[in-house]
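FYI, it's all coordinate maths here, none of it is from the lab. Just so it is clear, the model here is predicted, and its values are computed rather than measured. In this analysis, Cβ positions are derived from the backbone assuming ideal geometry, glycine residues included, and neighbour counts consider all displayed protein chains.
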Amino acid sequence: MRSTITIGLILIFTFALAQLEDFNHVNFKKADSIAGLFSKHPLTDLQSLANKLTQPLPTEAEKFRSIFIWVCQNIDNDQALFYRFKYHSQRKSSDATHERWLARYKADVFRTLREDHRTTCSGYAYLIRELASRAGMPSTIINGYGRTAHANVGGEGSINHAWNAIQLNNKWYLCDATWASGWIDGDKHVYLKRFDDTYFLTDPKLFALNHFPEDSNWFLIDDKPTLDHFLNQPIPYAATLRLKVSIKSPEQFSIKASKGEPLHFRFDQNLKNVERIEFKIVEASEVRSYFPEIKSLCEKEWSISHTFQSRGVRTLHISLDNNFVYSYQVTVR
Amino acid sequence: MKTNTYNPNSVIQSECLSNIFDNRVSRLISFLTLVFVLTATNSITAQSPDKTVKGVVTQAEDGEQLAGVHIQLKGTTLGTITDAGGKFTFPQRLKAQDVLVFSFVGLKTQELTITETTPEFIDIQMTYEDFTIVGELGDDGVFTARKRPLSWVFNALKRNK
């Protein structure tokens, strides 16, 4: 009897611990190497691909990791499809024209995925869902507002992005295979493949910095932002999520400052571990760097500040150890 | 004169007769059983004869014949794919209740249960997945105010980094 209770307690404790730490204790090396074995596997038979990627692995987290890595490593961003969508979104067309355009676009997205292993976010999200569900893990495609330096900054916003929720051990998690796989260099118009762990089973609070689901249930957090707040907050970057930097104020991207008076930026995270904190301020054709001093306001609040010496409109970037974490537009009067 | 006296031989004879009769009955029963079983088997076979399933797979919206559609016998690893003209011949003869699974990237997976009435040449129409397609991609660029040439500021930031 006593041993049964002990085993019961151990099980409860183990479960609680797993919920608490989730997958910190899981080593994904085996999953990553299995994903590497099936480079450019054709997409004709998804069931067989799902089996190859997951059957040798014991846990759901590892099985899903193998699928996620395979998709990120083997599917490339397609720039032509991306720009076609971007330009179409900016044009105003009648409903019928839009429907026809969407049907053609859908056909092209899937053909490119099938034949060339290239796609846009919907293709990534689709493939993740198909492979995961074939491996016995429920998954869904989430459409919503994706926020980047060039999308959904202010304005009314537009639904431009797709990502996934995945159920592992009866709990839902969020991930974004598109943004984890690499990125388009808008300057050189080339796709740079670079896996970013930031978007694999991300903390939903951080994920909400640049993902706003059409169906708010998929935030997976209680404290849901409004769309207006989401579109108008300072611009975050992948490093913001990776370094878990949340800024308390100013809360708006577009802010006002007075000439000669300090503008304060407050964080609820100790920045003392950061070696180099930097303001990069862009005005007209000039980029200037400033290295502010970190002040501890109270036990849980730190701040940095900058004083503008002349009037005008500037873009202000905050960078931690050479990673952009937030951008603001400042009007100095 | 033969009297109705007890004759052990006649008893034996009559037992033999009864055995012979019993054997005949049991043979008849066996024969009838065999006939019954054969008829039953035949009727089952008549309901679901093995058949070779051939067909063509097209895209429902535009009628395009789909090459490379994967067709699998559910619960097995046995499968085939459609040729350039969307046509296929399933490599194994199929019987009633067998289920074929048709899958193709971007189209809804379809299942077809084989029945007695399934024709030998089937026409499968597959439809697109019905979620809305969007087109965002990874963007690691830094925000730049739109009035300025984008590339210049981006380069300036990189130089400054």
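With +1 on each Lys and Arg Cβ and -1 on each Asp and Glu Cβ, how big is the dipole of chain A about its Cα centre, in debye rounded to the nearest 20?
380 debye
Under 5 Å between amide hydrogens, which residues at least 5 positions from residue A:249 or on another chain qualify, with H placed 1.01 Å from N in the peptide plane?
So residue A:249 has HN proximity to A:266.
Quick one: among A:149, A:239, A:135, which has the greatest mean-square fluctuation in a GNM of chain A with alpha-carbon springs under 10 angstrom?
A:149
State which entries of A:86/A:188; A:52/A:193; A:52/B:54 exceed 19 angstrom in Cα-Cα distance in the structure shown.
Beyond 19 Å: A:52/A:193; A:52/B:54.
Whose amide H sits under 5 Å from the amide H of residue A:269, counting only residues 5 or more places off or on another chain, with H placed in the peptide plane?
A:302
For segment A:99-211, just say rounded, prolate or oblate: build the C-alpha gyration tensor, square-root its eigenvalues into a ≥ b ≥ c, call rounded for a/c under 1.5, and beyond that prolate if a/b exceeds b/c, oblate if not.
Taking the square roots of the gyration eigenvalues as a ≥ b ≥ c, segment A:99-211 is rounded.
Can you list the lysines whose alpha carbon is less than 21 Å from that of residue A:171, not counting same-chain residues fewer than 8 positions off?
A:63, A:205, A:224
Could you put A:84, A:194 in order, starting from the residue whose Cβ has the fewest other Cβ atoms within 10 Å?
Exposure proxy ranking, most exposed first: A:194, A:84.
Give me Rg/Rg_expected for segment A:187-326, where Rg uses Cα atoms only and Rg_expected = 2.2 N^0.38 Å with N residues.
The reported ratio for this selection is 1.14.
For peptide A:102-110, what's the mean number of Cβ atoms from other chains within 10 Å of each residue's Cβ?
For peptide A:102-110, the averaged partner shielding equals 4.
Using a Cα-Cα cut-off of under 17 Å, which aspartates and glutamates could be cross-linked to residue A:272, ignoring same-chain neighbours fewer than 8 residues away?
Filter leaves A:293, A:299, A:301, A:321.
For segment A:30-58 and segment A:301-322, write down the distance between their C-alpha centroids in whole Å.
Distance between centres, Cα-based: 47 Å.
Please compute the net charge surrounding residue A:68, taking Lys and Arg as +1 and Asp and Glu as -1 over other residues with Cβ under 11 Å from its Cβ.
Within the 11 Å Cβ shell, the charges total -2.
Once you put a point 7 Å from the Cα of residue B:95 and another 7 Å from the Cα of residue A:226, both along the Cβ direction, what distance in nm separates them?
It is 6.6 nm.
Kindly identify chain A as rounded, prolate or oblate by the Cα gyration tensor criterion: order the square roots of the eigenvalues as a ≥ b ≥ c, call it rounded if a/c is under 1.5, otherwise compare a/b with b/c, prolate if a/b is larger, else oblate.
oblate
What is the distance in Å between the Cα centroid of segment A:264-279 and that of segment B:48-82?
Using only Cα atoms, the two centres lie 60 Å from each other.
Near the amide H of residue A:202, under 5 Å away, which other amide H atoms are found, from residues 5 or more places off or on another chain, if H is placed in the peptide plane?
A:174
Choose one of A:262, A:162, A:284: the residue whose Cα lies farthest towards the positive end of the charge dipole of chain A (beta-carbon charges +1 Lys, Arg; -1 Asp, Glu; about the Cα centre).
A:284
Would segment A:196-261 count as rounded, prolate or oblate if I go by the C-alpha gyration tensor, calling it rounded below 1.5 in a/c and otherwise prolate when a/b exceeds b/c, oblate otherwise?
Because a/c hits 1.5 or more and a/b fails to exceed b/c, segment A:196-261 counts as oblate.
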